[in-house]
1. Would you call A:V30 farther than 28 Å from B:A264 by Cβ, buried (at least 19 other Cβ atoms within 10 Å of the Cβ) and not assigned by TED's automatic domain parsing to the domain that holds A:N186?
2. Can you find a residue that is in contact with an Asp or Glu (Cβ under 6 Å, 6 or more places away or on another chain), in a loop (DSSP other than H, G, I, E, B), buried (at least 22 other Cβ atoms within 10 Å of the Cβ) and more than 14 Å from chain A (Cβ to nearest Cβ) anywhere in region B:189-198?
3. Residues in region A:249-264 that are within 16 Å of A:S190 (Cα to Cα) and either buried (at least 18 other Cβ atoms within 10 Å of the Cβ) or aliphatic (A, V, I, L, M) (or both): how many?
4. Can you name the residue in region A:53-104 that is within 9 Å of chain B (Cβ to nearest Cβ) and assigned to a strand (DSSP E or B) and is also nearest to the chain's Cα centre (by Cα) among such residues?
5. Return yes or no: is B:A393 within 14 Å of chain A (Cβ to nearest Cβ) and in a strand (DSSP E or B)?
6. Given the condition within 21 Å of A:Y93 (Cβ to Cβ), away from chain B (no Cβ under 12 Å), touching a Cys at 6+ places or on another chain (Cβ under 9 Å) and buried (at least 16 other Cβ atoms within 10 Å of the Cβ), answer yes or no: does some residue in region A:36-52 qualify?
7. Can you find, within region B:209-251, the residue that is nearest to B:R371 (Cα to Cα) among those that are of a type in the set (D, E) and outside any strand (DSSP E or B)?
Amino acid sequence: MPAFRDALAAGRPVPEKDLMRPGWKRALHVRPAAPPVPRPFFLAQPRLRRASPVSQYAVAAALEALGDAAPLYKKGGLRLGLIVCAMCGCVNYSRRFLDETLKDPAVASPLLFPETVLNAPASHLAAFLHTSTPYYSLVGDPSVFLQGLAMAADWLLDGQADGCLVIGTEEMDWLAASAAWLFDRNIILSEGAGALYLRLAAPQDHGVFLHAVTDAHLFTQRQSRARAAQLARADLAPAQPDELLCDGLQGARRTDLDEASAWNEWTGPRLSVKRILGEGLAAAAAWQCVAAVDSLAANRFPAATVSVVGCNQQAIAAQFQRR
Amino acid sequence: MLFAASHQADSASRVVITGAGIITAYGLGWKVNAAGFRAGRVAFRPVSLFDVSRQRAKVAGEVELPGTLPQTALSPRHLRRMERGAKMLLLAAEEAWRQSGWAPSENLPVVLGTTSAGMSLGEDFYRQAIQSPDSQRRQATRILHYQAQRQALNLADAFGFAGPITIIANACASGANAIGHAWELLRRGRAQRVLTGGYDALSQLVFSGFDSLQILSTTQCRPFDADRDGLTLGEGAAVLALESLEHARRRGAEILGEILGYGAGTDGHHLTQPHPDGEAAVASMAAACRQARVGPEQIDYLNAHGTGTPLNDHSEAVAINRWAGQHAASLPVSSVKSGIGHLLGGAGAAEAVACLMALREGWLPPTANLRTPEPACAFELVRRPREALLQCALSNSFGFGGANATLILRRWS
């Protein structure tokens, strides 16, 4: 969180790096995650030692979000629900395994394949935290993280879990970066994870509350992305004075257009996390929410709205409040 | 709103099935699949979709797709861009949609399970990126149609509805988790109808992955046989139209069956191997029974995950014994994977439909190729087709990553 806060406070885009793609003379511009120094303690755990970055990022974010609460679940007394959200998932090991398969499937590595499975991050995290509570791995465009928040809230209200971690995680690979490049050459793909830890509040509790998650407004033949973005905004109650908007604008004009139009009359403060950290897909939606919650926890705003107009699925928004 | 702080949980609704669609290696539709499950027919054939000459295993439960796709609001251009998994999903959904008699709606949630969505398109994308790096021809389309959300959106476009799309990728438990989550949405009163199911198509990456782990059978898939040597992959899709009992009754719908309970659990033992004691499987079955308010003695048939791998079947046998206790001896158990293969993200949904068929038509689906029962099985292994009047069936789905899920279905009478 300190590095995240510093980057947002500086307000300058994190420097881009070149990522070479086989067969291309020109590089793709990306924002890879900085390797942590020193090496995190949890990577010594046998299951995480060989795990793909997408799993390692998920565990790192989850542990930071849980903070002091982790031992409550590790001892087995309380039930921790896990919802891990991703759009690309384990693209790095998948590409490597497919490459080996195409060269000679008889010698494709059995060490790589299990890590390509979309629920590997959730499984590693559950094992690390010693939780046997059910988990869900959700896939979709970046908006899936907000759906995950709504699902977690339902699990808590239904008594299915005592606490819930919702995690958005993605990893960098030239395959994903070149796929994004096909749709908008101004997208700067990034990687990492973000996590929120939710628990039921008692009536006397103070802190940051999840107030609402709007309907998911699909992009269909009958409903454009622009219309879906407007409907997501219209679902929310009018903003409070000084309410913060954490939007998903990233500085890629074509991609930003529908969301920018839907929120162009917002007069309050605004934070565009992706302009600074890049397009982290499901992780970026998580960063938006983490930034919103962190701002409220620091008493800088009374409420915050997060808007996610996804790439190719749906538009959705969430509202957080401080009490 | 998907969530509002003011939300109050409604009283629990009963959840019924008013439409079911299925496509497997047996073919498309209820009739041909029911006949296959009932007879325990084996539908494996040599893999023709990609080269398996360098793999240990050579067969799979390949689906023969029909020449034409159903008439929907999807354009011919759109249909041409869909890959196998998307086509199978559309075919199964169309059968369920037609059977349910549903009309388009602006608030119809979709909950699907899959493990690899349109992986064959991802493979094509990679091949072209490596072999012709400067050519971008069709690459954007491949990326779009590769993704699971596109395949779910196809259903919304095809049938003219909207609503939240939830895609659960919990490995081989995905289909059961999806149906379970849909059941929870209805029970909580968050929706009146949900279209749900699971699907996966065969792909070279996944086939090679399972082969690399040496868990594909090189002889015959024989779940719960002492001499079993692995699973056989299959492909397909199954979709259920679920709705609250009140909603179904209000519109006079034909009710095919009821989903009574859903349970899930996590096995942290290993990424690809179950705990030998089946701890999470026991927890999953027990949780489903608690929700359904039934005990093991009320389960008339158990559709096992039963992949045919040495580790899964032993662990599941131990778990069933522990969960059923003294009732194990009289509990009929079988695995339909011996006939259609392991459908991965589609398995839980296809097997829920198999249970629904058995409940409605009054038979027990046998396990094919079973000669010498695994010694750990304290329950009755169904080895030959037979008639049976069933009230309740339980279906297990266990996946990589320790995802365990159980559904309990009841006959509607």
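The values are calculated or read from the model by the stated rules, or taken from the named source; none is laboratory data. Every value quoted in this text rests on a predicted model; they were computed, and no experiment measured them. Quick reminder, even Gly has a Cβ in these numbers, built from the backbone with ideal geometry, and neighbours come from all protein chains shown.
1. On the way: farther than 28 Å from B:A264 by Cβ: yes; buried (at least 19 other Cβ atoms within 10 Å of the Cβ): yes; not assigned by TED's automatic domain parsing to the domain that holds A:N186: yes.
Considered against the rule, which asks whether it is farther than 28 Å from B:A264 by Cβ, buried (at least 19 other Cβ atoms within 10 Å of the Cβ) and not assigned by TED's automatic domain parsing to the domain that holds A:N186, A:V30 comes out as yes.
2. Taking every residue of region B:189-198 in turn, none turns out to be in contact with an Asp or Glu (Cβ under 6 Å, 6 or more places away or on another chain), in a loop (DSSP other than H, G, I, E, B), buried (at least 22 other Cβ atoms within 10 Å of the Cβ) and more than 14 Å from chain A (Cβ to nearest Cβ).
3. Here is the first cut: in region A:249-264, the ones within 16 Å of A:S190 (Cα to Cα) are A:249-252, A:255.
Now restrict to residues that are either buried (at least 18 other Cβ atoms within 10 Å of the Cβ) or aliphatic (A, V, I, L, M) (or both): A:249-250, A:252, A:255.
The total comes to 4.
4. Here the answer is A:A86.
5. Details: within 14 Å of chain A (Cβ to nearest Cβ): no; in a strand (DSSP E or B): yes.
In short, no.
6. Within region A:36-52, not a single residue is within 21 Å of A:Y93 (Cβ to Cβ), away from chain B (no Cβ under 12 Å), touching a Cys at 6+ places or on another chain (Cβ under 9 Å) and buried (at least 16 other Cβ atoms within 10 Å of the Cβ).
7. Step one: list which residues in region B:209-251 are of a type in the set (D, E), which gives B:211, B:225, B:227, B:229, B:235, B:243, B:246.
If we keep only those that are outside any strand (DSSP E or B) too, we end up with B:211, B:227, B:229, B:235, B:246.
Details: B:D211: 24, B:D227: 9, B:D229: 13, B:E235: 25, B:E246: 46 Å.
Within region B:209-251, the match that is nearest to B:R371 (Cα to Cα) is B:D227.
Residue-wise test of (1) within 14 Å of chain A (Cβ to nearest Cβ); (2) among the small types (G, A, S); (3) touching a strand residue (DSSP E or B) at 6+ places or on another chain (Cβ under 8 Å).
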position	(1), (2), (3)
B:M1	yes, no, yes
B:S13	yes, yes, yes
B:K31	no, no, no
B:K58	yes, no, yes
